[in-house]
Every structure is written in structure tokens, then in C-alpha cells.
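Some notes on the structure that comes next.
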Amino acid sequence: MKPFTTHTGIVATLNRANVDTDAIIPKQFLKSIKRTGYGPNAFFDWRYTLDGNPNPDFELNQQRFKDRSILVARNNFGCGSSREHAVWALVQDGYQVIIAPGKDMGEKSLPAFADIFRINAAKNGLLVVELSEDQVDEIFGFVERHSGLKATIDLVQQQIVLQVDPPQVFEFEVEPAIKEQLLKGLDDIAQTLRYETDIARFEENHDPLGP
Amino acid sequence: MGKTLFEKIWNKHRIKDLPDGSTLLYIDRHLVHEVTSPQAFEGIRLAGYTVRSPHLAVATMDHNVPTTEDRFSIEDPVSRSQVEALRKNCADFGIKLFDIGDDHQGIVHVIGPETGITLPGLTIVCGDSHTSTHGAFGALAFGIGTSEVEHVLVTQTLVQRKPSTIKVEFNGRLGPHIFSKDMVLKMIGIIGTAGGSGSVLEYCGEAVSALSMEARMTMCNMSIEGGARAGMIAPDDTTFSYISSRKRPYAPKGEALDRALAYWRTLPSDADAVFDRSITIDAARIAPQITWGTNPGMVIDIDQPIPEPGFAENYSRSDVENALAYMGLKPGTKMTDVPVDVVFIGSCTNSRIEDLRQAAAILKGRKKAEHVQLLVVPGSHQVRLQAEAEGLDKIFMAAGAQWRYAGCSMCLAMNPDQLQPQQRAASTSNRNFEGRQGKDGRTHLVSPEMAAAAAVNGKFVDIRQWKETS
Ligand code: SF4
């Protein structure tokens, strides 16, 4: 996996909550036994009309988002099926960062990304960033007012900088384990195999049907 | 302080707590299917890894397989290559495969429990989000992505962050014609599709204890639709008698079973165990549930009108507007006035023998409405054989249904069973996402009785006061 430290790119917005992985990559593309070739089919049902042409009504098809690599969406992004194909499709379609808001529900806030999607993203070098609803609203506003808006995402500093005048800075949290994995581009199977002796010792004593 | 069912299993499988705060967790059982595994096996070959414990994995094909008589010859070359890849991968790495035509082939979440592979106290994973189904036995079971499938194959472990726990208590007893499908849909309607994020749900209470194993599986199955990693139910005598049934080739028997039983009885959450959160639902007041929108949280009681944009709990105005535009429905409409084109009885949520019996009880001596296409797809070949032994297939066919072979079928329409654009379905499956059952198809999730009655009437009905009107 390629390490991720900073990334600068054009920001695109998708004003939808609960974008599920069926929408990100519909099932007909899950028949492939390969890990590549999913990019052009990301958001397929929204992206193309029935005759296969780009759907002019789909937000991400706008000319100003042509070279985007940062996606801002609404809460609970990547819910539904565990298919990692959804992450492969996004990465292969050129996205390197996805930003979404957590949802404030009084005593508890709901995360911006579904659990399995978040894990799958980390394993493929796709950075997912959770901001507050207000911050995401602000970014939507900036994107609307500034065609071709660029942002720099700095994982080391945990900062997003929108390139407007004056620059707008948003700080974000990231799990230490995921930060390290992305920064170093670690292969997690190789990481786990460092614990081979622990695993072997565990297996010797483990009785799945007993205490 | 006491421990929850989840904590007991988590602690037992904890190999090591890692410096970054995550845990290296041992995995007891790995279920494999054709869609999410080929890239994992490819990764193993490329890196020169081996499969650490092939005997702890078992595979079947379910998503891609046709469900008609001629299911052995898969016409779609891409689907066929995926099925062939699984055959080759299982043969090369020594993994047990329930192939098409095998007596135990079927939907992975139906055959695990049925064969006795799924047992209390185990950690069970599968590259499939509905792995939560197996939690019905008091196992910790959750879905993983393909990179994690590869990780489990190579190391028999996963690196996991400890989830929080939510206790979901259903007090009281269900009314007539109300099922665990309605209970779990009701819960998702309350907590929303992300309400269980980062959490494991433990279902308990009088109404849960009263459920059969199959009904419990339906409930745990849809935990993921509430955003949870897993759903669990404490094992009890209902669980134990299901497992001890002689039909389960992989379940422990004799002395091994006695030993296991003694252990399993220690698993339920202690009386003083503390959950991170809890919610309580009055089971007696649950009405038949039906989804009106494009995710399972967009759900109402069958006798309520479709909400106005801006008035649906957990959803913004534009969420509701988008959903209703897609579904071709208007706010204020009663679902009992809405006609259906297709009725699908199947999927890992509701395709077990009890589900088919419930549907058959409604369809017995009746006929589906003329314009309706009715599909009954058993979850496994064993379920199919059992249904035929009970004569349910005859009831279905006399009612005008197509009686199929086991597979995922129209649950996700990756095989030839699909909705046509704008067709409206009553479905016993678990997801009503846009395009899930076919491009531009419109799905309404209901229980098997509600689905069967909709097939007869040609439109949705309130099963509590159901009279045939066709
Ligand atoms: S029946 Fe549906 S939900 Fe269940 S495993 Fe198959 S495709 Fe997934």
C-alpha cells in the first residue's frame, strides 16, 4: 500500500446521507474476480442514464468536479453491504479522501462512516475524515461558491486546509492505529505475522467448546 | 462486576492487546462465499502466503447461483468464472466446499446454523455483513471486507477495536401475526440505520426468550441494518435443543456435547453486567412493519400513512423526498392502498422452514393475484427438502408461485432473478436500497405472512385483519 501523508486536490460534494455500498458499486460489478476495473462503475446507477451516457442530473458529473479527488458527503457513508469493492471503486475512480459529518443526536453522536466501510478504507489507503455537521455545511458552502476549489489534507497534522482567501483550516481526529497504517503504508498481514508466537501459543491452549 | 455475553467471548478470544489500542482476536470459524473471496485468495497467491487453518473455513456458493432447475449451467460467463474460482481456491487450499448440488449448499447464513457449524461462544466471520445472523446462538459473529478475509485465511486472527455494547430489551409478548422481523424493523426505525454503529447489540427480554431459533436468526440478521457490527442472543434451552437435533452433522455429540453444554450455560450476561447503553421496546405494541423508503430505517406500522418530508424521524426533508421520488410514492399514502407486482419470499433473513410454513399457511388453498409474480426461494437445499417432505411446495405451486432451488436469488439480484425498472416488490429480505433487487426496482420489506398475503390480494394488507379481497 502506498503511504498517505498529505494530499492536495479538487473537492466535490455529494449531498446525500446514508450512501450505501450498493449505490457506490452495484452488484453486477461484484462478479469480477479481480481487484481492479471498478472505477468507471462507481455510483453507476446515479452516474449513467439507462442508455449508458453520463447522467447530467448527477452532482458528481458536473464539469467543475471533473478532476476531483476529495469527496464530501453526508452522514453514515458506506452503510450496508461489507463489499470492499465499494472502496476499490472509489479509489480507482480517483478519490483519495472522503469527508462526512458525524450526526449529533443529543447525548450520542452517530459516526460519519459505517464500521466495515471505515475498516475497508484504511486497508486500501483511502483516508476517511469525520467532521461536525456545521463544518461539513461550511465546506458545502465553499464548494458552491468557488468553482474548482482545492484542499490540502495533511494527515500528520490532522488538518484540512481549503485553498480560499484566507485559507480555511479544519482539524480532525483519526484513530492512532489507522493513522500509523496510512502514514507508513503498512501491510497488515505482515504486521500480524510478527505476533506468530503469540498466535501459536494461543492456539495450543484454546478450546472453542470449553471454558 | 459481572460480564456481558459479548465480553465473555471477546476476552476468551483475545490473543493480545496491541500498543495502538486495538486487539488481536482469534477467529474460530470462517465462512466463505464466491463474491468476496476471489481477491483474497489472489492476494495470498501473490504474496506467497498459505492458509493457516483450512479446517476452520467452510465455503459455499449462494449469491451468483441461478435458482432454477438448470442451475448447474450458469449462463453469465462472469458469474460462472467466479463460481469456478471458488471451486479452484477451495481445492487448492483444502477448504471444505458445499458446491451446487451438494445436500448442504445454500445461503451461507442458513447453512452455518443448519449444519451445526455455528455454535455458542465462537467467533465467526464471513466476508458478508449479514454474518450477524449467527449471533442468534450466542456467538460473536460479524461481517468483514475482502482484505480481512485474506487476513483471517493467513493468520486465523483479526485486528479489531473493541465495540461498545447496547442492550435491546423487548418486554411483553408479541401479538398474533407479529414476528421477529417486525421486532427488528421496529428497532431500526427507532435507532436509525446508524444507531448501532461501533456496537454489538444484545437482544433480550420476554419476547426474545419466547422466539424460536429461526426467529432469533431473523432478528440478529438485520442488526447490521441498524448499523451494528453484531447482534447476539444469550444461548438457552431453545438454542441447546436446536443444536442437539440429530440433523446437524458438524455439531458436537455425546460427551463432547455435554462438555460444551456445561460451558455454554456460563455464557449469558451476568445479572450485574453493565452495558454501554440500553433501549427498551414494548413488544406487545408492535404492529406489522413495512418499509416505505430506500433504507430499512424508513419504516412504519402498516396502518400508518407514509410520512411527510420533514416529519420522518432520523431523516431530513431531502432524504424523504429523494426516497419517495425513487419509490414512486406520495406522503400520506396508506401502504394498504399500494399494489405490488412481485412477491419475493426468501433471503438469509426469512427463507428457513418456519418462514416457509408461515407463508404456506396463508397461501394454502388460495391463489396469488393474477398480475403478481410470486417467487419462493428456500435458503438451503435442506430447507427445500424439508418443505417438500411437508408438502409446502405443492401449496406454493397451487397458489401460482415459482418454487426454486436454494440461493440468494432476488435479495440482491446478482443472478437471473431481478426486478424490472419500476416494479414494486413485497420482499422478506433485508435491504430496500435503491437498485438492490434490480435497477430502479422498488422494495418493501415485510414478514413472510405479510408478503404471502400481499401476493393473494395483489396489494399490501394489514395481516392482523386480513381478508381475501381478490
Ligand atoms: S440472502 Fe441477501 S443478504 Fe443474505 S447473504 Fe444473500 S445476498 Fe446477502
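Points to keep in mind about this one:
- Neighbour net charge for residue B:456 - beta-carbon separation under 13 angstrom, K R +1, D E -1: +3
- Cα-based Kirkwood hydrodynamic radius, the stretch A:6-205, one decimal, Å: 18.0
- Taking trypsin sites (Lys or Arg not before Pro) across the stretch B:363-470, the ones in a DSSP loop with at most 16 further Cβ atoms lying within 10 angstrom of their Cβ are B:364, B:367, B:467.
- Beta bridge orientation in chain B: antiparallel %, DSSP, nearest 5: 25
- Taken as Cα centroids, the stretch B:162-212 and the stretch B:36-88 sit 34 Å apart, rounded to the nearest whole angstrom.
- Shape category assigned to the stretch A:1-83 from the gyration tensor of Cα positions, a/c cut at 1.5: rounded
- Within the stretch A:1-87, chymotrypsin sites (Phe, Trp or Tyr not before Pro) in DSSP loop having at most 16 other beta-carbon neighbours inside 10 Å: A:58
- The eigenvalues of the Cα gyration tensor, multiplied by 5 and square-rooted, give chain B an equivalent ellipsoid with semi-axes of 33, 27, 22 Å from largest to smallest.
- Net charge of Cβ neighbours under 11 Å - reference residue A:58; Lys, Arg +1; Asp, Glu -1: -1
- Whole-number percent relative contact order across chain A, with pairs defined as alpha carbons under 8 Å at least 6 apart: 24
- Cross-link partners of residue A:184 among aspartates and glutamates, defined as those whose alpha carbon lies under 16 angstrom from its own and excluding same-chain residues fewer than eight positions apart: A:154, A:175, B:20.
- Tilt relative to chain A, helix A:196-205 - C-alpha long axis, 0 to 90 degrees, to 10: 50
- Averaged over peptide B:113-123, the number of partner chain Cβ atoms lying within 10 Å of each residue's Cβ comes to 1.
- Under DSSP loop assignment and at most 13 Cβ neighbours within 10 Å, longest chymotrypsin sites (Phe, Trp or Tyr not before Pro)-free interval of chain B: B:73-310
- Counted as membrane-span-like here are DSSP H helices of chain B whose alpha-carbon atoms extend 30 Å or more along the helix's own axis and whose Kyte-Doolittle mean is -0.5 or above; there are none.
- Extreme residue, positive dipole direction of the protein assembly as shown, given options B:262, B:13, B:372 (C-beta unit charges): B:372
- The overall shape of the protein assembly as shown, judged from the alpha-carbon gyration tensor, is rounded, with an a/c ratio under 1.5.
- Taking Cβ atoms as reference points and 14 Å as the exclusive limit, the residues near residue B:60 contribute a net charge of -3, counting Lys and Arg as +1 and Asp and Glu as -1.
- When the Cα gyration tensor is reduced to axis lengths a ≥ b ≥ c, the ratio a/c is 1.5 or higher for the stretch B:166-209, and with a/b not above b/c it is classed as oblate.
- Only helices enter the 222 nm calculation for the protein assembly as shown: every DSSP H run of n ≥ 4 contributes -39,500 (n - 2.57), and dividing by all residues gives -8500 deg cm²/dmol, rounded to 500.
- Only Cα pairs under 8 Å and 6+ residues apart enter the sum, and on that basis the relative contact order of chain B stands at 17 percent.
No value in this document is a laboratory result; all are computed from the given coordinates. All values reported here derive from a predicted model rather than from experimental measurement. Virtual Cβ from ideal backbone geometry, glycine too; neighbours counted across all protein chains shown.
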